[in-house]
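Heads up: the structure comes next, in structure tokens.
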Amino acid sequence: LFMWGNNGYGQCAVDPAAHKKVLQPTAVTSNDETLVPSRVECGYEHTLVLTRSGKVLSFGKGEHGRLGHGDTNKQHVPKLIE
């Protein structure tokens, strides 16, 4: 999985303190595995990934609980929705 574009909330899976914009395709990895997506859904400020193994991960702006982790935190590392 490669991401690029606006990254103000980590929606490209890159630390937004380092890069607010990702100008070149950048490989996305998680702490557990290299993402092998089956499907990817990109919102304006967040991203959801369904892996081939059936896991769902999310990252980006967590406002209103949109990442599914039970909080409103920003997440720039893909995190498993449990």
Task: Of all residues making up region 65-82, the number that are open to solvent by 40 Å² or more (accessible area, probe 1.4 Å), part of a strand (DSSP E or B) and not polar (S, T, N, Q) - done: 4
Open item on the list: Out of everything in region 44-64 that is open to solvent by 10 Å² or more (accessible area, probe 1.4 Å) and under 19 Å from His19 (Cβ atoms), what residue ends up being modelled with the lowest pLDDT?
Closed with: Tyr44
TODO: Kindly list the number of the only condition in (1) modelled with pLDDT of 95 or more; (2) touching a Gly at 6+ places or on another chain (Cβ under 8 Å); (3) closer than 11 Å to Tyr9 by Cβ that fails for His76.
DONE: (1)
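Restricting attention to region 18-39, does a residue exist that is open to solvent by 60 Å² or more (accessible area, probe 1.4 Å), in contact with a Lys or Arg (Cβ under 8 Å, 6 or more places away or on another chain) and assigned to a loop (DSSP other than H, G, I, E, B)?
yes
The values are calculated or read from the model by the stated rules, or taken from the named source; none is laboratory data. On a predicted model such as this, the values are computed, not experimentally measured, just so you know. Cβ: placed from backbone, ideal geometry, glycine included. Neighbour counts: every protein chain shown. When the accessible area is computed, the model is the full protein with side chains, heavy atoms only, and any ligands, DNA or RNA have been set aside. Shrake-Rupley method; radii C 1.70, N 1.55, O 1.52, S 1.80 Å.
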